[in-house]
Amino acid sequence: MLSARVQRTRPGGRITRRIVAVIGSALLVSGLSVAGPLPSGWAGSAVPSAVAGVTPVSGQTVGVAHPVTVTFTGAINNRAAAEGSIAVTPAGAPETASGSFVWLDDHVVEWTPAEFFPAHTPINVSVGGFSTSFQTGSSVVGVADISDYSFTVSIDGVTARQMPASMGKAKFPTPVGRFTALSKERNVTFDSRTIGIPLDDPEGYLIKGEYGIRVTWGGVYVHSAPWSVGSQGYANVSHGCINLSPDNAAWYFDNVRVGDPIIVQA
């Protein structure tokens, strides 16, 4: 039996129209077919293309600010419909989490939560009839205070370590704002040419570093900087990175997960 219905919903505060076609117990969503009974209370959505993948992947444990990336199999013409089909819900939450969307290209969209996810919690993701889930670990929040020359880390709401730090000098300031740990690199090469400074410039450098936590794709890291230990806690002398002592950088590296928040304040 074929039936169709139109429902109005408000994902993320936005009114969308959702059209569902039901044939027996199979759900057809614009080329995406999901066999089996419909989940209780599920209204479905008009997804313009099938889902190729979602990250974090099923079963992965990540930081509490990790974005969700949805890759569709084809180019998306109706981005509002695609966004309206995505729901991210922490287990036990009464409603889906709010967040913002950024399109990385014509078939990949990234959703960033407006608030941190609860720690130690399964996070359920549905895109039309596709569903998956991942897990958060401890809430490890790093706060870099530029004027205080410090980097403070709390774990599950309790201050775990306050560390002397050195951030960017006046000519190369550390960006202020809320970021997430993008990657963990036990060994990393810092090359000034990646930020436009030739090696033969007085500010040029080529350094083998350790315990790198990437903050931005533009080259900002939290990392071990034995060469600036004398300035950490007293002066900002880096080219934009957050410098820590080798011991403090190793401790942070061992405790942080990709997706944990890093907040830089002036």
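The values are calculated or read from the model by the stated rules, or taken from the named source; none is laboratory data. Everything numeric here is computed off the predicted structure, so don't read it as measured data. Backbone-built Cβ (ideal geometry, glycine too); neighbour counts: all protein chains shown. We work out accessible area using only protein heavy atoms, side chains counted, and drop any ligands, DNA or RNA first. Shrake-Rupley method; radii C 1.70, N 1.55, O 1.52, S 1.80 Å.
Here are a few things to note about the model shown:
- For residue 217, net neighbour charge (Lys/Arg +1, Asp/Glu -1) across residues whose Cβ lies under 14 Å away: -1
- Given +1 at the Cβ of Lys and Arg, -1 at the Cβ of Asp and Glu and no other charges, the dipole of the stretch 112-266 around its Cα centre is 160 debye to the nearest 20.
- In the context of the full set of protein chains, residues of the stretch 51-136 present 43 Å² of accessible surface per residue (probe radius 1.4 Å, heavy atoms only).
- Accessible surface, the stretch 142-266, averaged per residue in Å² (probe 1.4 Å): 47 Å²
- Karplus (6.51, -1.76, 1.60) ³J(HN,Hα), θ = phi - 60°, over the stretch 107-120, in Hz, Gly and Pro reported as x: 9, 10, 10, 10, 10, 10, x, 6, 10, 5, 5, x, 6, 6
- Straight Cα distances below 18 angstrom link residue 184 to the aspartates and glutamates 210, 247, 254, 260, with same-chain residues fewer than 8 positions distant left out.
- Surrounding net charge for residue 258, when Lys and Arg each add one and Asp and Glu each subtract one, Cβ distance under 12 Å: +1
- The stretch 86-116 residues near the modelled residue 75 label - backbone nitrogen below 20 Å, point 7 Å along Cα→Cβ: 102-110
- Cα gyration tensor shape of the stretch 99-181, rounded if a/c is under 1.5, else prolate or oblate by comparing a/b with b/c: oblate
- Averaged over residues, the count of other Cβ atoms within 10 Å places the peptides 84-91, 219-226, 167-174 in the sequence 219-226, 84-91, 167-174, highest first.
- With only Cα atoms counted, the stretch 51-136 has Rg and Dmax values of 12.1, 37 Å.
- For the stretch 140-264: rounded, prolate or oblate by the Cα gyration tensor [a/c cutoff 1.5]: prolate
- Interchain or long-range residues, amide H under 5 Å from residue 161's placed H: 153
- Zone residues, the stretch 243-260, relative to residue 186, backbone N less than 18 Å from point 7 Å out along Cα-to-Cβ: 246-258
- Approximate spin-label separation residue 161-residue 121, in nm, with each point projected 7 Å along Cα-to-Cβ: 2.7 nm
- Local electrostatic count at residue 186 - Lys and Arg +1, Asp and Glu -1, tallied over other residues with Cβ under 14 Å: 0
- Applying 0.36 nm per residue to the separation of residue 169 and residue 110 and subtracting their alpha-carbon distance, the gain on full extension is 18.0 nm.
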